[in-house]
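What follows is a short report on a single structure.
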Amino acid sequence: MKKSVFFGAFAVTALVSGMALAGTLDDVKARGELICGSNTGLTGFGAPDASGNWAGFDVDLCRAVAAVVLGDATKVKFLPTTGETRFTALQSGEVDLLVRNSTWTFSRDTELALDFVAVNYYDGQGFMVKKDLGVSSAKELDGATVCIQTGTTTELNLADFFKQNNISYQPVTVADDSEAQRQYLAGACDAYTTDASGLAASRATMPDADNHIILPEIISKEPLGPVVRHGDNQWGDVVRWTYYALLIAEERGITSANVNEVAASTADEEVKRLLGVSGDMGAKMGVSNDAFKNAILAVGNYGEIFARNIGEGTTINLARGLNALWTQGGLQYAPPFR
Amino acid sequence: MSETHAQTVLFVRDTMLPPVDPPIAERGAVKWMRENLFSTPLNIALTLLGVLIVWWLVSASLPWWLNSVWNASSLSQCREIVAATAGEGASGACWAMIRERWHQFIFGFYPASEWWRPVLAFGLLFAALAPVLFAGQKRNQSLILLAVLAYLLVTLYLAGAPGTAFLLSLLLVAGLLVGAQLAPGKLLWFTLAFPALCFWLLWGGSVWSPIVAMAGFGVLYAVFRVGTPFIGLVPAAGAGVVAAVLWWLYLDKPVVDALQAALPFGIQSVRSDLFGGFLLAIVIGVTGIAFSLPIGILLALGRQSDMLIVKTLSVGFIEFIRGVPLITLLFTASLLLQYFLPPGTNFDIILRVIILVTFFAAAYLAEVIRGGLAALPRGQYEAADALGLDYWQAQRLVILPQALKISIPSIVSTFIGLFKDTTLVAFVGLMDPLKGVTQIVRADINWKGIYWEPYIFVGTIFFLICFGMSRYSMYLERKLKTDHR
């Protein structure tokens, strides 16, 4: 008897807490605004400009989700989260979605009860050295001093890499990217290591960019992607398929400029479904039928987002690399939209 | 006798020699340097070392300051300009970043069309502080009000304030100025009303919400006054607090809605996440300072109380808050509270942070003031009792004025510490000027790699504010000095 009461109470608690956490989609619709956990400022990926408008690679994904759910890419509130607060902010429901260059790892997926729904950027840790050091591979860095940000996974990756290759190094720990850049330029360390995208951004803004090279070795896997709360599968689906819709759009050559035209003229059944011309794919997911069309109209396809924020032609000048579509030798691959 | 004298001494001087200047080594700068800089071998060595260090600092940083660039649109452009004017390889400060982003350091993301509101609130803050800082001094109060008037004339014009707001605020300050001439003591009423006015100016919205919220205090006072003759002082105060809380919880919103429907008047509301920079630091700092002092005094008195529950609660609160780092409290405010509150509750993050910062400062102040209370001779307490004063009268008229006077330096240094601690809110994702705004500026590809300039800019403003507080406390100490040491 006592046991059954206990289990009953437990079941009710689980139900209530489940209800409290589930239904992010409905919450967002009711609120009329998406709250997106963003970085406190990372070049190219997410930062407000001089007039306070957020822009960047991660920011655009948030806007796309807002366009899908609410039909308006401007109805997003960006809540800056630090490395320490980001996951708790998501778990406690303060943000609906976290798009903050967070690496998908086993423990974050399981222990922290989070769901990484996609990988919007495949990054990896690299090294930058001065050209006149005469080094062409990270394996030649024996005895080098290396600037490294403390308390990050990059610190552990670095230790692993040097141990595996039986070479020694001298770490120079720094607090953040700007300090690392200053120390490296001042000659306090021979090499600077962090995510390759960050290295490219730093190198692009150095006074003598040509005197620095980024070594070919990438010593870690850093799949960065949007994160949602565990157990809210409907909301996870919305975010995941928003992202895939952007990928499919690139695959099929649909851009923000031609999306209306394509919707009117296409004979491709998958594109018709994607843009809501035929079928009721959007409605099945709980959003409007032309939701994905709105997203593409608002932010463009994946390739456009990449090119606008971090791609070749911007100052950061990142090559697509692993982030090219699977048809072009990259890893970005969307399941069929059917 | 005189003859003997005339024979032994051939010449007697009958006029005084004009005084000669002291030797060159014993006067002026040389003497001062000999005495203060080169008196012993150790001092000579230290002086030389000091000169070398100063020389090294100046020679290293002077070109950087001299090559400052004020007009550029990016760091690389700054570098080009420096290279063009000072030659290849020269370094120069890039203040162009401040020129382009100063508003984010000051206002955060506060909408540009509404900048006049924080500007006005900042000016009125001093008008509200004047009666507190210079109680009863007509001349100083008038001076401050005149300065506020001049400040508002210039800044409101620059910020493009709407005409009515411009006129009303100038009329308000002019009215206060007249008030300061006629009845300087009465200006405290403006100080009491200022929190509501300031809240309304900063966050905007219906004019009725701050008024109705302030009416809660009116309810508190009314219940207190009506209840005191029947149930006594302390129970009446308790009942007043309960009534005020009930007012805020249940009546506040419907009354505001009703009034707003009847007489709609309001200004554009601004959300908390748009606050940033020094606006945020000053909002948190000033609110924390204003509310932590009374709470701290109550806690200090509570800790000395004979009533077991009051004493236990005070000690528990003080020791708990002091035993926990401020960052932990901030994380509690930003993250943990959200778990305890029902889902969907939107409890403003700035408000949460202000509450915990206030508690933190109050716990420290309580101990500072307890130190002041402990420093008073026992005779003071006994004298107050002998005069027939009750507990609150004794505290108000005899004990606290002396205890607070003793504690002024420590109180002000707690305030300065509190103001500087506001930069820690960066750790919970708020846009404090030092780390938050600096980081978003550096995230802009145009300014990535800029290092010293934002720190120097923010540090200078912090120094000015903290130095001002420190000078005021020294003035206050001199003014209140009654002993004849």
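The values are calculated or read from the model by the stated rules, or taken from the named source; none is laboratory data. On a predicted model such as this, the values are computed, not experimentally measured, just so you know. Cβ sites come from the backbone with ideal geometry, for glycine too, and all protein chains shown count toward neighbours.
Can you confirm whether region B:27-44 contains a residue that is under 30 Å from B:SER91 (Cα atoms), at pLDDT 90 or above and in a helix (DSSP H, G or I)? Within region B:27-44 (the criterion being under 30 Å from B:SER91 (Cα atoms), at pLDDT 90 or above and in a helix (DSSP H, G or I)), the answer is no, since none of the residues qualifies.
Mind checking which residues of region B:76-100 are more than 11 Å from chain A (Cβ to nearest Cβ), surrounded by 15 or more Cβ atoms within 10 Å (Cβ to Cβ) and over 16 Å from B:TRP65 (Cβ atoms)? Answer for region B:76-100, where residues must be more than 11 Å from chain A (Cβ to nearest Cβ), surrounded by 15 or more Cβ atoms within 10 Å (Cβ to Cβ) and over 16 Å from B:TRP65 (Cβ atoms): just B:GLN77.
The residues of region B:252-286 that are within 14 Å of another protein chain (Cβ to nearest Cβ) and among the β-branched types (Val, Ile, Thr) amount to a single one, B:VAL270. Pairing each residue of region B:255-268 that is farther than 21 Å from B:THR164 by Cβ with any residue that is among the small types (Gly, Ala, Ser), provided the two are 6+ apart or on different chains, yields C-beta distances under 9 Å for B:VAL255/B:ALA215; B:VAL256/B:SER206; B:VAL256/B:SER209; B:VAL256/B:ALA213; B:ASP257/B:SER206.
Looking across region B:419-457, the residues that are surrounded by 23 or more Cβ atoms within 10 Å (Cβ to Cβ), closer than 20 Å to B:PHE360 by Cα and in contact with a Leu (Cβ under 7 Å, 6 or more places away or on another chain) come down to B:VAL425, B:VAL428, B:GLY429, B:LEU430, B:ASP432. Looking across region B:110-137 at every residue that is touching a Phe, Trp or Tyr at 6+ places or on another chain (Cβ under 8 Å) and within 14 Å of chain A (Cβ to nearest Cβ), the one that is farthest from B:THR191 (Cα to Cα) is identified as B:TYR110. Do the conditions hold for A:MET206, that is, is it hydrophobic (A, V, I, L, M, F, W, C) and more than 30 Å from A:PHE162 (Cβ to Cβ)? When the stated conditions are applied, A:MET206 does not pass them.
Scanning region B:17-56 for residues that are small (Gly, Ala, Ser) and at negative phi yields B:ALA25, B:ALA29, B:SER39, B:ALA45, B:GLY50.
Taking (1) more than 26 Å from the chain's Cα centre (by Cα); (2) not in a helix (DSSP H, G or I) in turn, B:LEU171 satisfies each apart from (2). Tell me yes or no: at least one residue of region B:368-388 is more than 14 Å from chain A (Cβ to nearest Cβ), aromatic (Phe, Trp, Tyr) and over 21 Å from the mean Cα position of the chain (by Cα). The answer is yes; a qualifying residue exists. Looking at B:GLY277, is it closer than 29 Å to B:PHE194 by Cβ, touching a strand residue (DSSP E or B) at 6+ places or on another chain (Cβ under 7 Å) and crowded, with 19+ Cβ neighbours inside 10 Å? Yes: the conditions hold for B:GLY277. From the list B:THR423, B:THR438, the one residue that fits, being at the interface with chain A (Cβ under 9 Å from one of its Cβ atoms) and modelled with pLDDT of 90 or more, is B:THR438. Considering only residues that are over 17 Å from A:ALA118 (Cβ atoms) and in contact with a Ser or Thr (Cβ under 8 Å, 6 or more places away or on another chain), look in region A:57-82 and name the one that is modelled with the lowest pLDDT. Per the criteria, the residue is A:THR82.
Looking across region A:125-139, the residues that are in a helix (DSSP H, G or I) and of a type outside the set (Lys, Arg) come down to A:ASP132, A:LEU133, A:ALA138. When A:ASP109, A:ASP96 are checked against the criterion of being of a type in the set (Asp, Glu) and surrounded by fewer than 21 Cβ atoms within 10 Å (Cβ to Cβ), a single residue qualifies: A:ASP109.
List the helices (runs of 4 or more DSSP H) inside region B:364-445, counting only whole elements, that have at least 3 residues being among the polar types (S, T, N, Q), touching an Asp or Glu at 6+ places or on another chain (Cβ under 6 Å) and touching a residue at least 12 places away in the same chain (Cβ under 8 Å). Counting at least 3 such residues, we get no helices (runs of 4 or more DSSP H) at all.
So which residues in region A:143-170 are more than 30 Å from the chain's Cα centre (by Cα) and either small (Gly, Ala, Ser) or modelled with pLDDT under 90 (or both)? Listed by number, the residues that qualify are A:GLY143, A:ALA144, A:SER168.
Of the residues screened, B:ALA196 is one that is at pLDDT 85 or above and either closer than 19 Å to B:ALA244 by Cβ or assigned to a loop (DSSP other than H, G, I, E, B) (or both). If you check B:GLY205, B:GLY179, B:GLY175 for being under 21 Å from B:PHE122 (Cβ atoms), away from chain A (no Cβ under 14 Å), out of contact with any helix residue (DSSP H, G or I) (no Cβ under 8 Å at 6 or more places or on another chain) and surrounded by 14 or more Cβ atoms within 10 Å (Cβ to Cβ), only one passes: B:GLY205.
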